Amino acid sequence: MSAVPVFDYLEQYRALRGEILTAIERVLSSGRLILGAQVEGFEDAFSRFLSGTGESVAVNSGTDALAIALMACGVGPGDEVVTVANTAVPTVSAIRITGAIPVFCDVDLQTALMDLDLLPACLGPRTKAVVPVHLFGNVVDVERLRNLLNHQEIRIIEDCAQAHGARLRGQSVGTLGDASAFSFYPTKNLGAFGDAGLCFSPDQRLAAEMRKIRMYGFEGAYYAEREGINSRMDEVQAAILNVKLPHLADYLSRRRHLARCYDQLLDPRIHRISPTTDAEHAYHLYVVRLQGRDAVRAALQEQGIATGIHYPYPIHLMRGYRFLGYREGALPVTESLSGEILSLPLYPEMGESAVERVCRVLNALLRTRDTA
Ligand SMILES: *Cc1c(COP(=O)(O)O)cnc(C)c1O
């Protein structure tokens with residue numbers, strides 16, 4: 001029986017190898033390695049992919065993209081930013097880079113996304129922004145979120161690191177809030193061959209601020225209009241992303257197709273994380289909930305089936321974030337989900353037969369367990 005990895009980029013590389021190597025060679029011989037034609041071209045192409053009016057600013061990572069978007073919105077020390085604790089740690093790292101304090105809203109058990117019914121209780125006089133995380137590629141209803149904020153001066157900055165191509169009522173995530181952040185870490189729906197990220201904003205003024213912050217606060221040469229950092233996407237990563245972006249729509253339909261296969265083949269008693277109503281999930285991850293998750297995971301591994309847990313530890317209970325003052329029990333749904341979630345193998349090059357095998361083995365494991 002062949003092994004099923006949880007993710008594999010090598011097959012994608014083999015398919016695009018010639019084009020990628022040519023693109024890299026072109027950059028290296030161009031005489032321009034930083035903020036040249038590749039980065040500019042990628043920014044325009046990604047804005048078109050989002051088909052929103054607005055501007056993209058290519059940066060060095062998803063974490064930086066989120067931090068820069070927050071800074072551009074004026075988030076800083078003394079401010080509070082509401083987000084969730086079942087996300088990847090970098091969501092919270094980005095908030096802390098600005099000096100602001102993260103405030104955690106519990107999540108919905110069915111969608112694993114911010115529970116918008118609980119959001120109003122998380123808002124206070126210091127709330128400067130909300131960071132909805134489109135976790136797993138599932139979509140937070142940003143329209144409803146905006147209505148809940150009720151015209152208060154609170155910014156919405158979407159964490160789209162796992163959701164390239166997801167949509168809410170036909171509109172791309174990343175164009176729904178005031179600004180947004182994408183990651184091109186190799187495992188994401190669109191992956192570079194190293195670190196890379198991008199901020200987007202429909203608001204030209206915010207985009208212009210993000211562009212300054214990306215490079216020392218410069219507008220012209222050698223003159224800081226404001227404080228900034230160094231977080232430029234480099235030309236080589238941009239060239240690779242320019243080769244891969246035209247394939248993203250295909251990768252997404254493949255992910256959605258494989259997710260439908262899982263939907264059909266998994267034992268109906270297995271709880272799936274539900275896609276948001278009126279949304280198109282981007283299926284960065286296909287996640288189920290299982291009692292006795294760790295034993296099931298080990299048994300799958302024994303049969304050569306790799307799985308992931310995204311994520312095993314809620315952030316508010318991690319040692320590094322103890323200073324925020326949360327205790328066990330503070331976010332009951334977040335905490336119970338972390339013990340039950342399991343990400344099944346899913347990547348565009350995966351075959352249907354591999355999905356069938358995962359489902360066969362998993363269904364059989366649960367049948368044996370339930371009759372034992
Ligand atoms: C990957 C990820 C990030 C951070 O992106 P990097 O490019 O690794 O810095 C932020 N938020 C979420 C939800 C992520 O999955």
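The values are calculated or read from the model by the stated rules, or taken from the named source; none is laboratory data. Because the structure is a prediction, the values reported are computed rather than measured. Cβ sites come from the backbone with ideal geometry, for glycine too, and all protein chains shown count toward neighbours. Just so you know, the surface numbers come from the protein's heavy atoms only, side chains and all, with ligands and any DNA or RNA stripped out. Shrake-Rupley method; radii C 1.70, N 1.55, O 1.52, S 1.80 Å.
Just a few scattered comments:
- Index of the failed condition, residue 263 passing every other in (1) closer than 23 Å to residue 248 by Cα; (2) open to solvent by 20 Å² or more (accessible area, probe 1.4 Å); (3) under 21 Å from the mean Cα position of the chain (by Cα): (3)
- Some residue of the stretch 123-146 being open to solvent by 50 Å² or more (accessible area, probe 1.4 Å), assigned to a helix (DSSP H, G or I), in contact (Cβ under 8 Å) with a residue 24 or more places away in the chain and touching a helix residue (DSSP H, G or I) at 6+ places or on another chain (Cβ under 9 Å): no
- Residues located in the stretch 156-176, provided they are of a type in the set (A, V, I, L, M) and surrounded by fewer than 24 Cβ atoms within 10 Å (Cβ to Cβ): 156, 168
- Count of residues meeting criterion [among the hydrophobic types (A, V, I, L, M, F, W, C), under 20 Å from residue 215 (Cβ atoms), within 15 Å of the ligand (Cβ to nearest atom) and open to solvent by 10 Å² or more (accessible area, probe 1.4 Å)] in the stretch 66-117: 1
- Restricting attention to the stretch 231-268, the residues being over 29 Å from residue 353 (Cβ atoms) and β-branched (Val, Ile, Thr) number 2.
- Inter-residue pairs, beta-carbon under 8 Å, first in a loop (DSSP other than H, G, I, E, B) and in the stretch 280-305, second within 16 Å of the ligand (Cβ to nearest atom) and aromatic (Phe, Trp, Tyr), 6+ apart: 281/136; 283/136; 284/136; 285/136
- Counting only helices (runs of 4 or more DSSP H) that sit completely within the stretch 1-83, those holding 3 or more residues that are without any contact (Cβ under 8 Å) to a residue 12 or more places away in the chain and not acidic (Asp, Glu) correspond to 10-28.
- Whichever residue in the stretch 291-314 is in contact with a Leu (Cβ under 7 Å, 6 or more places away or on another chain) and closer than 19 Å to residue 333 by Cβ and, among such residues, is surrounded by the most Cβ atoms within 10 Å (Cβ to Cβ): 314
- Pair list, Cβ under 8 Å, 6 or more apart: the stretch 182-205 residue touching a residue at least 40 places away in the same chain (Cβ under 8 Å) and of a type in the set (Lys, Arg), other residue more than 9 Å from the ligand (Cβ to nearest atom) and part of a loop (DSSP other than H, G, I, E, B): 188/164
- Considering residues of the stretch 157-185 that are more than 19 Å from residue 112 (Cα to Cα) and of a type in the set (A, V, I, L, M) only, the residue nearest to the ligand (Cβ to nearest atom): 181
- Within the stretch 135-156, if we keep just the residues that are among the acidic types (Asp, Glu) and closer than 19 Å to residue 108 by Cα, the residue that is nearest to the ligand (Cβ to nearest atom) turns out to be 141.
- Residues in the stretch 187-221 that are in contact with a strand residue (DSSP E or B) (Cβ under 9 Å, 6 or more places away or on another chain) and hydroxyl-bearing (Ser, Thr, Tyr): 201, 216.
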